[in-house]
Amino acid sequence: MTVDPGIKLPRWRPGPWLLLVPALGAIGAVSVYPVLLGLWLSFRNTTLSSPDDAFVGVSNYQQLFADGQFWNAWGHTIEFTGVSTFFETVIGLAMALVLTERFLGRGIVRAAMLIPWAIPTVVTSKMFGWLFDGQHGLVNYLGHFFGVIHTNINWYGSPEFALPTIIVADVWKTTPFMALLLLAGLQTIPASLTEAASIDGANPWQQFWMVRFPLLAPSLLIAAMFRALDAFRIFDLVYVLTGGGPADSTEVLSTLTYKNLFSALQFGYGSALSTLMFFTEIIIAAGFGVFLLKRFREVKL
Amino acid sequence: MSAALVERKSRRTARPPINLTRPLIYLCSLLIVIWSVGPFLWQLSTSLQLDRDLIGDQPKLLPIPLCFDHFVNIFVAKDFHRYILNSVVVAGASTLLCLIIGAVAAYALARLDVRGRFGILGFVLAVSMFPQIAVVAPLYVLASTLGWLDTYRVLIVVYLALGLPFVIWVLFGHFRTIPATLDEAARLDGARPLTIFFRIIIPIALPGIVTTGLLSFIASWNEFMFALAFTSDINRQTVPVGIANFTDLHYVPWGDIAAASVVVTFPLVALVLIFQRNIISGITGGAVKE
């Protein structure tokens with residue numbers, strides 16, 4: 001509702017931009033400017049441990065594309081992003097469907113679901129390190145107990161199980177949050193629609209696929225994209241649980257970049273890596289941003 | 001109405017189909033609770049057990065006898081309180097600044113005529129998705145030029161900027177729900193923008209602001225990579241760095257790690273449980289109904 005056009009509201013100078021200056025200044029200084037600086041560094045051979053600091057053109061990028069370690073990390077990052085996003089979306093959706101039902105103690109379940117999200121990722125890594133410990137871990141014990149495994153598995157100490165273990169830890173930590181996002185989406189679907197379908201004789205399975213799922217699809221897409229963007233930059237879990245090992249079997253782009261920067265001190269080469277990651281994300285995020293803004297304009301905020 | 005249909009209808013009312021949905025929902029929600037809380041409870045139990053029980057043949061689910069050695073150990077031998085102090089300073093200061101600066105910006109975007117507000121919001125959202133690894137190296141160079149490595153202020157400034165997009169978006173949403181007629185009335189009475197902000201917007205939106213602050217505090221409290229890169233001194237390192245470095249030379253001190261995890265997670269869990277309703281509406285933009 002706006003004021004009667006006959007009444008003149010006083011105009012304000014110098015304008016609301018002044019209020020935006022601190023926020024945009026901080027974001028500019030800590031996010032935008034460093035990205036540009038990183039782009040500049042990626043064309044140089046800057047190494048903190050030596051006086052090297054010269055313009056080398058695109059040679060960092062050439063070296064990168066010829067680097068087996070880069071492609072190894074790239075593959076793991078894509079695998080991690082795809083698999084964890086898939087499971088988090090599917091299990092999250094299942095949890096959300098349970099939570100849309102009204103039942104006694106629903107509030108408690110919802111509160112419990114916030115716990116994995118609130119726990120620091122470093123703590124999650126250590127927690128799963130202990131649960132999946134090769135010798136005394138609870139998971140090995142339970143595996144024996146239920147007869148699923150017969151010898152202890154060195155979960156994150158072996159190249160074949162390390163990445164799956166990290167994925168399990170990430171799925172544990174993130175799925176409940178995903179479920180809450182999807183729950184929000186589900187609750188915007190009017191109950192009258194499913195009721196109508198039920199009166200027409202649709203069973204719950206049909207109700208889900210014919211009514212709820214199509215209406216939920218946009219929220220599902222947004223949540224999955226958010227999640228994928230976040231999974232793509234995974235660092236903490238890998239760095240703390242395996243450090244990229246064993247035998248580089250869990251190396252992802254962020255940990256590889258971090259090592260190039262802070263262990264090898266190759267700021268030029270490392271910056272080429274991080275710039276590449278940046279552009280991959282910006283492509284996804286730009287598509288996402290346009291999509292989201294269009295939706296916001298449609299509902300006329 | 002045909003006789004057959006009447007008969008079928010009466011049969012349906014006479015004998016309702018057995019409903020399996022209820023028990024199934026309770027079973028599923030029980031699984032969700034075990035999934036969410038189980039690992040943390042195991043960590044809690046671990047922190048209270050004797051080392052010799054932890055490496056026994058059969059894990060003990062309950063900590064009997066109770067043993068507080070690990071808690072004593074992390075404070076006495078590992079100076080864990082220093083990390084906690086650093087985290088409190090860094091997360092507290094960055095959250096406070098973030099709320100002040102973010103609320104002012106969100107107010108301008110939500111209430112005053114800023115041209116291209118959706119452009120700014122879109123830009124802010126895009127920035128929040130930058131991979132943080134892309135800014136860590138340049139910021140390291142900047143921080144070392146300024147002599148800011150191993151200081152509180154470098155982490156405070158970084159966390160401030162990382163938290164701003166979230167705070168601006170959430171508070172923008174909150175401020176939009178406050179009826180515009182309120183500030184229009186105040187404007188007609190001659191109130192200036194900042195008066196309206198402090199006297200009308202802030203008091204009405206206070207619950208939302210508190211929740212937003214809590215969420216941004218948790219984010220700063222949990223941040224790992226920048227803290228790892230920018231600090232090397234125990235007097236400036238935060239809790240996640242401390243826990244990540246908890247390894248002894250010859251064995252992994254799972255009991256100590258569990259104790260430290262419990263110490264830093266307990267306050268978060270308590271806060272989250274107290275504010276859970278507000279948090280859920282905060283992270284979902286107010287879309288979850290009761």
>> Test of understanding: what is the full-extension gain from B:GLN58 to B:LEU273, defined as 0.36 nm times their sequence separation minus their Cα-Cα distance?
In response: 74.1 nm
> When the label point is put 7 Å from the Cα of A:ASN72 along its Cα-to-beta-carbon vector, which residues of segment A:159-176 have a backbone N closer than 19 Å?
Replying inline: A:159-167
>> For the ranges B:228-234, B:258-264, what's the packing order if you count other beta-carbon atoms within 10 Å of each residue, average per peptide, and put the highest first?
In response: B:258-264, B:228-234
> Considering every residue in A:83-96, what mean count of other chain Cβ atoms within 10 Å of its Cβ is obtained?
Replying inline: 1
> Where in chain B are the DSSP H helices whose C-alpha atoms run 15 Å or more along the long axis and whose mean Kyte hydropathy is at least 0.5?
Replying inline: B:21-47, B:80-111, B:117-128, B:133-146, B:152-176, B:202-222, B:254-274
> Convex hull volume of the Cα atoms in segment A:70-172, per residue, in Å³?
Replying inline: 133 Å³
> Hey, any idea what Rg/Rh is for the protein assembly as shown, computing Rh the Kirkwood way over Cα pairs?
Replying inline: 1.00
> For the pair B:TYR251 and A:ALA196, what calculated FRET efficiency results from E = 1/(1 + (r/R0)^6), where r is the Cβ-Cβ distance and R0 = 45 Å, to the nearest 0.05?
Replying inline: 0.10
> Among B:102-112, B:23-33, B:121-131, A:124-134, how do they line up from the highest to the lowest mean number of other beta-carbon atoms within 10 Å?
Replying inline: B:102-112, A:124-134, B:121-131, B:23-33
> Which helices of chain A meet both criteria: a Cα extent of 20 Å or more along the helical axis and a mean Kyte-Doolittle score no lower than -0.5, with helices taken as whole DSSP H segments?
Replying inline: A:68-100, A:159-187, A:213-232, A:267-298
>> In Å, what Kirkwood hydrodynamic radius results for chain B from the alpha-carbon pair distances?
In response: 23.1 Å
> Taking the alpha-carbon centroid of each part, what is the distance from segment B:204-262 to segment B:78-120 in angstrom?
Replying inline: 18 Å
>> Please compute, for peptide B:51-62, the average count of beta-carbon atoms on other protein chains lying within 10 Å of each residue's beta-carbon.
In response: 2
> Taking Cα atoms of segment A:227-272, Rg/Rh with Kirkwood Rh, to two decimals?
Replying inline: 0.99
> Hey, how much of the P(r) for segment B:47-183 falls beyond 24 Å, as a percent of Cα pairs?
Replying inline: 56 percent
> Across peptide A:199-207, how many C-beta atoms of other chains are within 10 Å of each residue C-beta, on average?
Replying inline: 0
> According to the Kirkwood expression over distinct Cα-Cα pairs, how big is the hydrodynamic radius of segment B:119-172, in Å?
Replying inline: 12.2 Å
> So, by mean Cβ neighbours within 10 angstrom, what's the order for A:109-115, A:244-250 with the highest one leading?
Replying inline: A:109-115, A:244-250
> In segment B:24-81, what is the volume of the convex hull around the alpha carbon atoms, normalised per residue and reported in Å³?
Replying inline: 104 Å³
> More than 21 Å apart: what percent of Cα pairs in segment A:193-291 qualify?
Replying inline: 56 percent
> Given the protein chains as shown and a 1.4 Å probe, how many square angstrom of A:HIS144 are accessible, to the nearest 10?
Replying inline: 80 Å²
> Over the Cα atoms of chain A, what is the Rg over Rh ratio if Rh follows Kirkwood?
Replying inline: 1.06
> What number, in nm² with one decimal, is the all-direction average of the projected area of the convex hull of the alpha-carbon atoms of segment B:211-269?
Replying inline: 4.8 nm²
> Of A:LYS259/B:LYS78; A:LYS173/B:LYS60; A:LYS126/A:LYS294, which sit over 32 Å apart, Cα to Cα?
Replying inline: A:LYS126/A:LYS294
>> Whole percent per 5 Å bin, from 0 to the bin with the longest distance: what is P(r) over all C-alpha pairs of segment A:149-239?
In response: 3, 11, 16, 15, 12, 11, 10, 9, 7, 4, 2
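The values are calculated or read from the model by the stated rules, or taken from the named source; none is laboratory data. This is a predicted model, so every value here is computed, not measured. Backbone-built Cβ (ideal geometry, glycine too); neighbour counts: all protein chains shown. Note: accessible area is taken over every heavy atom of the protein model, side chains too, but ligands, DNA and RNA are not part of it. Shrake-Rupley method; radii C 1.70, N 1.55, O 1.52, S 1.80 Å.
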